[in-house]
Structures are given as structure tokens and as C-alpha cells.
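Inspection log for the structure reproduced underneath, given as C-alpha cells.
Read the figures in this text as sums done on the coordinates, not as results from a lab. Note that this is a predicted model, so its numbers are computed, not measured. Positions of Cβ are backbone-derived with ideal geometry, glycine not excepted, and every protein chain shown enters the neighbour counts.
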Amino acid sequence: MNSLSEYKDIVAFHPGYYITEVIEDLGISQAEFAKRLGTTGKTLSKLVNGQINLSNEIAKKLAAMLGTSVELWVNLQATYDQKVIEIERERDLDEQIEVVKQLDYSYFVNVAGLPQTKDAREKVSNLCKYFMVSDLRILGEQDFLVNMWPDISTIEARHVINSRAWIQTAINYSGNIKTDPFDSERLKRYLPELRSMTVKEPVDFMPRIQQAFSECGIAFVLLPHLRNSEVSSAVKWVSSDRVVLAMNNRGLDTEKFWVSLFREIKHVLQQKVKTIFVNSSDTKMQSTDEELDTEADKFAMNCLIPPSKLKAFAPNKQTSDEEISSFAESIGIHPGIVAGRLQRDKIISSSRCNKLKDKYIIDFPE
């Protein structure tokens, strides 16, 4: 350490800095000064180098030896401590401002209603309060909020920060949604109705999904995409009786929306209350429990398209769009979901049948 600390225009003088000046003015060695002061050379060395604080005992001895007041030395220590706090606060703010630069603050103005400001310090303060953290750098720490990423050092920092910011936004937004206590059996009974909604338009099915979920203890949140966030959907239990199911509304089509929804429904039914499930375009940010994820994927595919029905259909690469649409109608599901399934299974080319998939534009309710 040093008896003088500086950051920007803030300077903190440790009492040891002044003691060094006194020793030089007296023209004696540090060892002799220590003897005259009645302390050890080791203690004095640490003091003049700013490695220890000035104790009340040393303050009394300095006052007696030099003919000053005890308060003079006590106040020097107090002033130093205060300046050090100012330096630390200023340095912390500057480092948090670097985090703010990685976040799209306007997103939180539009989605969360944060105050509009161009002042970086105000942004830090507003975001800390919104994310309920004491320091924005916490967003980048290993175990914050999402505990299943094995090593965040392998993931770009901006993706970690923004993904967590998006998830926390979903949790915050869910606080406005009233839900009944979680009821897995009720949710299972709703599955056929939810599946039947695939042929409807978002304006019709969204209110019903939200209502049905709330009756089952699920706060369903569909949020706009946050730049540099790689999360497309997530499931997080906020209590044993309430779970948040959040989805990103970017680039949704019939297949993506419904497959994602049913996959997350399965994650809810797995009831792993201490695990947050994240679906991401970045494989490094996926949930680490492959068994549970595989189970959820299988559940989604089988719920939407019963295996026995698909087997009887026996599609191949020559299966026409008309045949796909006819099959979808026969099992009461949107043809885009069937087309997507055949693409996933590599039965048909990924460039085929995309016209069967409706593009969803689901606006965030401001």
C-alpha cells in the first residue's frame, strides 16, 4: 500500500504521510522516531507506508510527543477514510458505467418505465434499483441469477450481462401478473385446449394462454428482445407455488412459438424449483441438464404431433405441401408445426414449406 491514494481529482493522505514529513523535519531515523514514540519499528513502518490505520493509542502518543491535540491525528485518519470511500465509490461507478455501455438503456425505458436520462451515473442508479443489485457488475458474476452455466468465462460478457438483465426484467414484469397457487394437474388438463389454439391468431390465443396459465400458478411473460441477450425463453420458480415462464417475441413463427411454449410447459411440470431453465441460441448458455432438456423437447414434439399419428402419416421427402396441410388439419394442428417437425427430423429440406409457417407479430403491452 501507499500513504497517498489518488483517483481522478480525489487525493487521500494517510496519517502516515504526515508522520513521514515529521520524521524528515526532525532529521532523525525512522527507528529512532519509533523509540521516542514508544512503539516498534515494525508498527511505525506499516503506519508510514499506509498499511495500517492510526490507532487511538498512537494518536495519543503523537499528541504528547509533538505537542498537538489528539483530535488532530484522529481527524487525519477520519479524513483519509472518507477520501478512500470517495475514491472507491468513484472507481466503482466508472466500472459500472462500463457495464451500462453494454446495456441498451432505452430498452428499460420502454419496457420497464425507467426514467429517461443521458447521465451515465443516473443510469447506474436506476438500473441497480430495477435489477435489485448493489452493483451492476454483479450481473457478470458466476452464480448470479442463472446457476447452471458451468463457466461464464467461455461466454461473451455482454451476452451474460444482457441475458441476465432480460431474465430479471421478466421476473420483475411478472410481479404485475396475479396467479393462483401452482397446480400441475390443472395444467395437464389445459394441454389439449392449449394445443387446439395453434390454429388461431395471436390476438385470440394470447389472452387465453395468459388466463389459463395464471389459473395454474404460471406468470406468462412475453418480452421484446434485448440486444445482446441470447435468451429465447426461460423458466424460473419464484416460490414453491409460483413460476415465471418467459419468452422472447423476436422472430416468432408458428412452429418456434408453440414448440418453445410446450417445451417450457414441460420444464414447469418437472418442478425443479431450484433450477432456472434457459433456452438460448448460444449452446454455451443452454441448461446443463441434458436429460431434462431432452425430456422437454420430446414432450413438446409428442404433445403437438402424436407419434402414432405421425407414423401412420409416414412422410418422406416427396410429401407435398398439400399433404402436410391435410395431415395437420386431420390432427387439429397448424401445418407450420408439422412442416417444422419434418424439417427438424430432416425428412424434408429446411428450405421447403416455410410458406406454411405464419409469422407472429406479438406486441409487448406497454
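Can you compute the charge dipole magnitude of the chain about its Cα centre, using +1 on each Lys and Arg Cβ and -1 on each Asp and Glu Cβ, nothing else charged? Give it in debye, rounded to the nearest 20. The dipole magnitude comes to about 820 debye.
DSSP finds beta bridges in the chain, and of those with both partners inside it, around 70 percent are antiparallel.
Considering the options V278, L114, P202, tell which one lies farthest towards the positive end of the dipole of the chain, charges being +1 on Lys and Arg and -1 on Asp and Glu at the Cβ, about the Cα centre. In the chain, that residue is P202.
With a cut-off of 8 Å between alpha carbons and a minimum separation of six or more residues, what is the relative contact order of the chain in percent? Please list the in-between numbers first.
Values: 467 pairs, mean separation 44.7, N = 366.
After rounding, I find 12 percent.
When you restrict to C-alpha pairs under 8 Å that are six or more residues apart and normalise by the size of the stretch 1-117, the relative contact order lands at 27 percent. Under a model in which nothing but the beta-carbon of Lys, Arg (+1) and Asp, Glu (-1) is charged, the stretch 142-303 shows a dipole of about 340 debye around its Cα centre. Sites listed here are trypsin sites (Lys or Arg not before Pro) in the stretch 134-230 whose DSSP assignment is loop and whose Cβ has at most 10 other Cβ atoms within 10 Å: K178.
Among the lysines of the stretch 4-97, pairs at least eight places apart or on separate chains and with Cα atoms under 27 Å apart come to 13. If you take the Cα centroid of the stretch 83-146 and the Cα centroid of the stretch 311-328, the two points sit 52 Å apart.
Listed values (i) 31.0, 102; (ii) 21.7, 70; (iii) 25.8, 82 include one computed from this model; for Rg and Dmax of the Cα atoms in Å that value carries the label (i). For the stretch 142-303, averaging the sequence separation of C-alpha pairs within contact (under 8 Å, six or more residues apart) and dividing by the residue count gives a relative contact order of 26 percent.
Each of Q318, S350, H334 was scored by the projection of its Cα onto the charge dipole of the stretch 307-356, and the greatest displacement toward the positive side belongs to S350; charges sit on the C-beta of Lys, Arg, Asp and Glu.
Pairs K188/K359; K317/K357; K311/K359; K317/K355; K256/K298: which are spaced more than 22 Å apart, C-alpha to C-alpha?
From K188/K359; K317/K357; K311/K359; K317/K355; K256/K298, over 22 Å: K188/K359; K311/K359.
Highest mean packing comes first when the peptides 351-363, 100-112 are listed by Cβ atoms within 10 Å, giving 100-112, 351-363.
Using only the C-alpha atoms, the convex hull of the stretch 65-195 corresponds to 231 Å³ per residue. Ranking H159, Y18, A34 by Cα position along the charge dipole of the chain, where only Lys, Arg, Asp and Glu carry charges on their C-beta atoms, puts H159 farthest toward the positive end. Fewest neighbouring Cβ atoms within 10 Å first, the residues H14, H159, H334 line up as H159, H334, H14.
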